[in-house]
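Down below is the structure, laid out as structure tokens.
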Amino acid sequence: MAQSLPPFLQQDLHYRPTPKSAEAGFLYGTGRQISVLNLGMQAGSRRGRVVLAAVVLGLFVYLLIPRSHRIYLDYPIPQVQQIEDAVDWSRFAYVQYVTSTAHLCSSLMIFEALHRFGSKAERLMMIPLYMANIQDESSVENKLLKKAVEAYNVKLAPIQVQNKGTDPTWASSYTKLLAFNQTQYDRVLIMDSDATLLQPMDELFLIAPAPVVLPRAYWLESKILGSELMLIQPSSKEFARIQKGISRAAQGQYDMEIVNKLYGKDAFVLPHRPYTFMTGDFKDAGHPAWKDPEETWDPEKVLKEAKYVHFSDWPLAKPWVWEGENHVEKSRPKCLKDKVTKEETDCRARDVWNWMYSDFAQRRKDICDLGLEGSPE
Ligand SMILES: *[C@@H]1O[C@H](CO)[C@@H](O)[C@H](O)[C@H]1NC(C)=O
């Protein structure tokens with residue numbers, strides 16, 4: 001299913017599968033290829049001569065080393081492509097957690113995107129036990145679960161939703177942490193589903209081992225770690241720590257507080273660019289903490305760069321809820337105006353923001369056959 005993109009973005013948002021040939025680019029091709037030979041050739045005379053001289057000198061030194069000492073130099077250095085081909089992708093999974101029917105659809109939409117991108121890691125959906133036991137085959141839940149399994153290759157893991165009182169935020173936030181218990185995988189990437197995934201993230205599974213890898217909450221003064229996107233190494237040891245953290249959590253402390261308490265000092269920090277962005281930050285010419293101070297704000301560039309865009313426009317509800325035009329208008333980014341003439345000069349932030357919401361609604365209809373909750377239509 002093709003996403004209809006704003007016209008100015010149409011060429012660039014398409015996922016390019018990993019190149020297979022020998023002249024392949026680096027990991028997920030942004031198209032740029034680097035080769036030592038190229039550098040030498042391109043630079044023409046002077047740089048070329050320097051490279052050549054270096055190679056000859058290297059060879060000369062190498063020949064001077066006695067044979068017995070040379071042995072380790074004979075190993076071929078594996079290329080990135082070979083490393084990738086040797087990866088056992090079944091050890092890794094993208095994980096979604098579901099605590100309600102609305103979340104079930106949003107998770108399905110994330111998996112649809114991964115399927116469309118051709119991402120390589122497995123896909124696992126943690127679903128509440130009650131959902132796994134619904135007998136009625138024509139129920140919305142059963143239809144969506146069936147689609148997940150059959151169309152998008154998703155595995156289902158029934159779980160006990162983690163409750164603490166009746167606060168639904170507790171439930172979803174603690175349930176997310178059950179990803180630490182999916183020990184059938186070496187590494188899982190868990191993402192909140194109130195988001196649009198614009199590019200796959202397979203490369204994250206290949207970075208150096210660490211119990212938890214995650215970006216900072218760039219929008220907060222304190223720069224603590226955010227938890228909308230977490231790469232985790234599930235293990236019984238870490239899960240035990242997490243469970244202890246949940247049981248000790250005070251009122252108003254959610255998954256983000258627990259993760260910061262346990263891993264805040266020594267987590268592996270993922271750069272927030274290109275991995276995460278929030279819809280609310282399309283406003284006011286961009287969040288100062290997201291961009292470089294010298295950088296001019298370019299909402300199109302942001303959307304091309306970001307891999308995962310989180311819906312967060314408080315006080316606006318989540319993107320599957322119908323809000324009414326008046327309410328939405330208050331939260332929408334404003335067009336930039338000419339200081340003198342007051343004419344609107346740049347409406348790209350507003351257009352991209354509108355597209356984020358309309359695209360979500362469209363995919364919800366196409367993939368889940370669901371309208372927006374509370375919609376009069
Ligand atoms: C953690 O996983 C184990 C093994 O699958 C399971 O028996 C246990 O119930 C899980 N714990 C929670 C809290 O879900």
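Across segment 337-354, rounded Karplus estimates of 3J(HN,Hα) from the backbone phi angles (6.51 cos²θ - 1.76 cosθ + 1.60, θ = phi - 60°) give 10, 5, 4, 8, 7, 6, 7, 6, 10, 8, 10, 5, 4, 5, 5, 5, 4, 4 Hz, Gly and Pro being marked x. Applied to segment 302-317, the Karplus parametrisation 6.51 cos²θ - 1.76 cosθ + 1.60 on θ = phi - 60° returns per-residue 3J(HN,Hα) values of 4, 5, 6, 7, 5, 8, 9, 10, 8, 7, 8, 9, 3, x, 5, 6 Hz, with x for Gly and Pro.
Which distance in Å, rounded to a whole number, links the C-alpha centroids of segment 113-173 and segment 191-227? Cα centres, segment 113-173 to segment 191-227: 21 Å. Under the combined filter of DSSP loop state and at most 13 neighbouring Cβ atoms within 10 Å, segment 316-348 retains these trypsin sites (Lys or Arg not before Pro): K334, K339, K342. For I224, the residues whose amide H sits under 5 Å from its own are A217, ignoring neighbours fewer than 5 places away on the same chain, with H placed 1.01 Å from N.
Taking K and R as +1 and D and E as -1, what net charge do the other residues with C-beta under 9 Å from the C-beta of K337 add up to?
Values: positive: K334, K339, K342; negative: D338, E343, E344, D346.
Overall, the nearby charge balance is -1.
For the peptides 100-109, 356-365, the ranking by packing is 100-109, 356-365, with the highest mean count of neighbouring Cβ atoms within 10 Å listed first.
Could you tell me the center-to-center distance, by alpha carbons, between segment 239-255 and segment 298-377 in angstrom? Centre-to-centre (Cα) distance: 34 Å. Straight-line reach from K164: taking Cα to Cα under 28 Å and skipping same-chain neighbours fewer than 8 places apart, the lysines in range are K155, K176, K223, K237, K244, K261, K265, K318.
For the peptides 320-327, 208-215, residues were scored by their other Cβ atoms within 10 Å and the scores averaged per peptide; the highest-first order is 208-215, 320-327. Within segment 276-368, the percentage of alpha carbon pairs spaced more than 17 angstrom apart rounds to 53%. Using bins of 5 Å that start at zero, the share of Cα-Cα pairs per bin across segment 316-374 amounts to 4, 17, 22, 20, 15, 10, 6, 4, 2, 0, in whole %. Scanning residues 5 or more positions from L156 or on other chains, those with amide H under 5 Å from its amide H are M125, with H placed 1.01 Å from N in the peptide plane.
Only the coordinates and a few stated rules stand behind these numbers; no lab work does. Note that the coordinates shown come from a computational prediction; the quantities given were computed from them, not determined experimentally. Here Cβ is always computed from backbone atoms with ideal geometry, including for glycine, and neighbour counts include all displayed protein chains.
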